[in-house]
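The values are calculated or read from the model by the stated rules, or taken from the named source; none is laboratory data. All of these numbers come straight from a predicted model, not from anything done at the bench. Glycine gets a Cβ as well: all are built from the backbone with ideal geometry, and neighbour counts include every protein chain shown.
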């Protein structure tokens, strides 16, 4: 008869757990329907681990609601356990990084994870444009003018010129995530064929850009950058990974 008061204690060994090559943390908007899916395609492979935390955000996208995320960012960052030993952490909101400030985002995350490198889609976009040698680009966003114009000015201050700007002009984040990839492809082709741009940046982690990047680049003959793709690329390169996910665009050649 089995005695529940008597059991055999088993021996075990500890290893370093998942993420022998890299451990990535991702702070994703509560309303985001796309980022986790696309990062699962991009940040993968033997020895790569990724962990997500959600940060509260308003469904309406305005400069004020985006800035409000600064208040909750320390808690969201702490939901990624420091004991995991993250190599790099990304705050996955392009417009939020624009309104809060890239430096402030880095400061908050590193106050919880001092040993981790950090990025966000706006910082990653700048690094991507520099790597591609594209100082003049076309900008596609889903945002209203109050947000799009602020992002354009931020990129201009960093030395990048927008040769064309186009927007779906939506402030409802649920609607943004349901914009079809075909519509995004049409938008890229419409602005990307113009002579006054060497690349196209499609901003917003909620937009489903990844499925059409390869086709868009083929048709316009120029690099296409998206928020999720650039963030994944920058996270990899920050920790020394040279991975090149299939179909993820020219950016990963750098």
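A count restricted to region 107-119 and to residues that are touching a helix residue (DSSP H, G or I) at 6+ places or on another chain (Cβ under 8 Å) and assigned to a helix (DSSP H, G or I) stands at 4.
Answer yes if at least one residue in region 203-212 is out of contact with any helix residue (DSSP H, G or I) (no Cβ under 6 Å at 6 or more places or on another chain), buried (at least 21 other Cβ atoms within 10 Å of the Cβ), modelled with pLDDT of 95 or more and not in a loop (DSSP other than H, G, I, E, B), and no otherwise. The answer is no; no qualifying residue exists. Just so you know, in region 140-183 the residues that are in contact with a helix residue (DSSP H, G or I) (Cβ under 6 Å, 6 or more places away or on another chain), outside any loop (DSSP other than H, G, I, E, B) and touching a residue at least 40 places away in the same chain (Cβ under 8 Å) include one that is farthest from residue 251 (Cα to Cα), and it is 146.
Note on region 133-153: among residues that are surrounded by fewer than 20 Cβ atoms within 10 Å (Cβ to Cβ) and in contact with a strand residue (DSSP E or B) (Cβ under 8 Å, 6 or more places away or on another chain), the one that is nearest to residue 173 (Cα to Cα) is 144. Considering (1) surrounded by fewer than 21 Cβ atoms within 10 Å (Cβ to Cβ); (2) free of Cβ contacts under 8 Å to residues at least 40 places away in the same chain, the lone condition that residue 105 does not fulfil carries the number (1).
Out of the residues in region 83-101 meeting the condition of being surrounded by fewer than 20 Cβ atoms within 10 Å (Cβ to Cβ) and outside any loop (DSSP other than H, G, I, E, B), tell me which one is nearest to the chain's Cα centre (by Cα).
First, the residues of region 83-101 that are surrounded by fewer than 20 Cβ atoms within 10 Å (Cβ to Cβ): 83-85, 101.
Within this subset, residues satisfying the condition of being outside any loop (DSSP other than H, G, I, E, B) are 83-84.
On the way: 83: 23, 84: 21 Å.
Restricting to residues being surrounded by fewer than 20 Cβ atoms within 10 Å (Cβ to Cβ) and outside any loop (DSSP other than H, G, I, E, B), the top hit is 84.
Any idea which of 112, 188 is closer than 30 Å to residue 82 by Cβ and either modelled with pLDDT under 95 or surrounded by 19 or more Cβ atoms within 10 Å (Cβ to Cβ) (or both)?
Going through 112, 188 in turn, the sole match is 112.
Among the candidates 44, 21, 50, single out the residue that is within 17 Å of residue 231 (Cβ to Cβ) and in contact (Cβ under 8 Å) with a residue 60 or more places away in the chain.
On the way: 21 fails: within 17 Å of residue 231 (Cβ to Cβ); 50 fails: in contact (Cβ under 8 Å) with a residue 60 or more places away in the chain.
Going through 44, 21, 50 in turn, just one is within 17 Å of residue 231 (Cβ to Cβ) and in contact (Cβ under 8 Å) with a residue 60 or more places away in the chain: 44.
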